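Nothing in this text is a laboratory measurement; each read-out follows from the coordinates by a stated rule. Nothing here was measured: the structure is a model prediction, and the numbers come from that model. Ideal geometry is used to build each Cβ from the backbone, glycine not excepted, and the neighbour counts take in all protein chains shown.
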Amino acid sequence: MIRRRPPAPLQDAALVAVSLIDVSAHFDAGEPLRMACAVASAFSLLLRRRLPLLTFLLTLPTVLFSDAVIASLVALFTLASLSRHRTLLAVCAMAFTLSDMTSLPSPNLDLAQTATLITLGYTAATAAAPVFLGQLVQTRRDLSLRLAEISEVRDHEQLLTAQAVLAKERAQLAREMHDVVSHQVSLIAVRAGALQVGTADADAKEAAATIRRLSVQTLDELRHMVSVLRASGGRPTELTPQPSLADLQQLVSGSGIEAKLMTDLPHDLPPTLQRAVYRTVQEALTNVRKHAPGATASLHIRHEGDAVRVTVTNTAPTRPALPLPSAHHGLVGLRQRAALLGGTITSGPTPDGGYELCLELPAEGTA
């Protein structure tokens with residue numbers, strides 16, 4: 001349970017009251033000037049937080065002229081808790097000691113006497129006590145501030161870490177949505193469009209048109225979601241399970257286009273490299289379906305020296321392309337993936353009106 005400290009005005013009023021009690025304990029009706037000075041010294045404690053040095057100087061005459069010392073000790077403690085000047089604190093403690101040892105207007109300070117030296121030591125210890133206590137309070141306050149700063153920095157770092165993890169997860173999700181979900185929906189739209197054009201049955205044509213329209217709307221929504229996710233994503237990493245080279249033939253067979261796969265890659269390539277090859281082929285086939293209807297494709301995947309090369313070439317389209325939505329993230333994502341693996345991707349039209357995409361990756365770690 002946290003204990004609340006009394007309000008500052010209440011603390012000051014309590015210290016003034018204690019000082020006045022000290023003055024009354026040493027009250028001397030025959031010395032009205034000294035008593036007035038002591039009372040003024042007690043009330044000067046109300047200034048101790050704003051003007052600690054001035055407050056101590058105002059209380060020092062009371063020590064010099066009377067035995068009421070509580071106000072001056074409180075002022076010395078406040079000064080020590082707020083000031084970082086050790087020399088000033090030492091001078092103030094010495095001033096208090098000499099003032100307490102001196103009794104004006106008739107000073108009697110004989111250092112040759114043992115009793116005087118003992119009193120001097122006691123008085124010096126009395127002056128040192130509030131100084132050390134004030135410094136201790138100041139150190140404790142500084143430590144509390146440092147701990148609060150460290151806690152704030154730690155919370156900020158945790159927030160940044162959580163945001164980084166979230167951004168990475170969003171990037172992963174965006175990549176998977178584009179590579180898998182968009183791939184399948186694009187295939188549905190292409191097949192529905194082909195059915196709509198190729199069938200003579202009115203009901204089938206209407207159903208195909210509905211399927212194609214819904215597929216296109218779904219692709220639009222997916223593109224928007226991928227854009228939102230990529231806006232706060234970091235460098236993409238892979239999710240498991242992921243496809244491998246063993247899945248290439250199934251991908252080509254289910255692509256919906258006439259394609260020929262030629263590969264001599266071993267199946268013990270690093271998983272990251274296998275996934276990069278698979279995603280490149282998948283994106284290339286998706287682009288052929290979307291932008292080159294009726295075209296055929298050839299896929300050459302080979303291991304040459306210290307590099308793996310993937311070449312996907314398609315012929316010119318035989319019919320107009322269907323207007324499918326695209327955010328153009330496919331090739332960008334492929335280039336990012338290739339760059340992470342130290343590879344490159346080039347793409348462009350061929351002289352016969354087709355298109356060619358080439359991926360080259362370093363085959364480090366291959367057997």
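Overview of results
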read-out	value
Net dipole in debye of segment 8-150 [+1 Lys, Arg Cβ; -1 Asp, Glu Cβ; about Cα centre; nearest 20]	640 debye
Rounded FRET efficiency, nearest 0.05, which uses the C-beta distance separating Glu169 from Arg140 and R0 of 45 Å	0.55
For segment 240-367, projected area of the alpha-carbon convex hull averaged over all directions, nm²	8.0 nm²
Fraction of beta bridges assigned by DSSP in segment 240-367 that are antiparallel (%, nearest 5)	80 percent
Segment 8-150: C-alpha gyration tensor shape, a/c 1.5 cut-off, then a/b vs b/c	oblate
Order of Phe43, Phe96 - criterion: other Cβ atoms within 10 Å of each residue's Cβ, fewest first	Phe43, Phe96
Packing-based exposure ordering (other Cβ within 10 Å, fewest first) of Lys260, Lys290, Lys205	Lys260, Lys205, Lys290
Packing-based exposure ordering (other Cβ within 10 Å, fewest first) of Ser72, Ser81, Ser24	Ser24, Ser81, Ser72
